[in-house]
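Novice: Structure incoming, see below.
The values are calculated or read from the model by the stated rules, or taken from the named source; none is laboratory data. Here the structure is a predicted model, which means the values were calculated and not measured. Counting neighbours? That spans all protein chains shown, and the Cβs are built from the backbone with ideal geometry, glycine included.
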Amino acid sequence: MSSRQLEERWEREINQHIARALEMSIEDIESLSFEVENNESDEGVVYGQIIRFHLEHCDPDALSRVPNLENDWVMIAPLPVGPDEPE
């Protein structure tokens, strides 16, 4: 499997995890533009992820279904560790 294929597979898995965490369809998640940031302590303990949406590039209907949306972000439980990231 090429690195590009691995990257695409990992992105699909992340999107599926986000969809489950937000109780949304994968189609809704894929229609949204966002970045994932860690919510972590000064010591590097990860408490969860912040999903920060690029509102101007999001489908308004899908965005309206994001639960607990605070301005342009929502927090979810920690994502699975990626293939290149230490556990």
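Novice: Of the residues in the range 21-39, how many are surrounded by 12 or more Cβ atoms within 10 Å (Cβ to Cβ) and either part of a helix (DSSP H, G or I) or basic (Lys, Arg) (or both)?
Specialist: 5
Novice: Which residues, taken from the range 40-77, are of a type in the set (A, V, I, L, M, F, W, C) and part of a loop (DSSP other than H, G, I, E, B)?
Specialist: Filtering the range 40-77 down to residues of a type in the set (A, V, I, L, M, F, W, C) leaves 45-46, 50-51, 53, 55, 58, 62-63, 66, 69, 73-77.
Scanning the range 40-77 gives Val45, Cys58, Val66, Leu69, Ala77.
Novice: Output yes when any residue across the range 58-77 is within 11 Å of the chain's Cα centre (by Cα) and loosely packed, with under 14 Cβ neighbours inside 10 Å, and no when none is.
Specialist: Looking through the range 58-77, at least one residue is within 11 Å of the chain's Cα centre (by Cα) and loosely packed, with under 14 Cβ neighbours inside 10 Å.
Novice: Pull out all pairs, ordered by first then second residue, where Cβ-Cβ is under 7 Å, the residues are six or more apart or on different chains, the first lies in the range 7-25 and is within 11 Å of Ile51 (Cβ to Cβ), and the second is at pLDDT below 90.
Specialist: Once the first residue is within 11 Å of Ile51 (Cβ to Cβ) and sits in the range 7-25, its partners that are at pLDDT below 90 give Ile14/Leu79; His17/Leu79; His17/Pro80.
Novice: Right, next: Mind checking which residues of the range 41-55 are free of Cβ contacts under 8 Å to residues at least 12 places away in the same chain and either surrounded by 14 or more Cβ atoms within 10 Å (Cβ to Cβ) or over 15 Å from Leu79 (Cβ atoms) (or both)?
Specialist: Passing the criteria: Ser41, Asp42, Glu43, Gly44.
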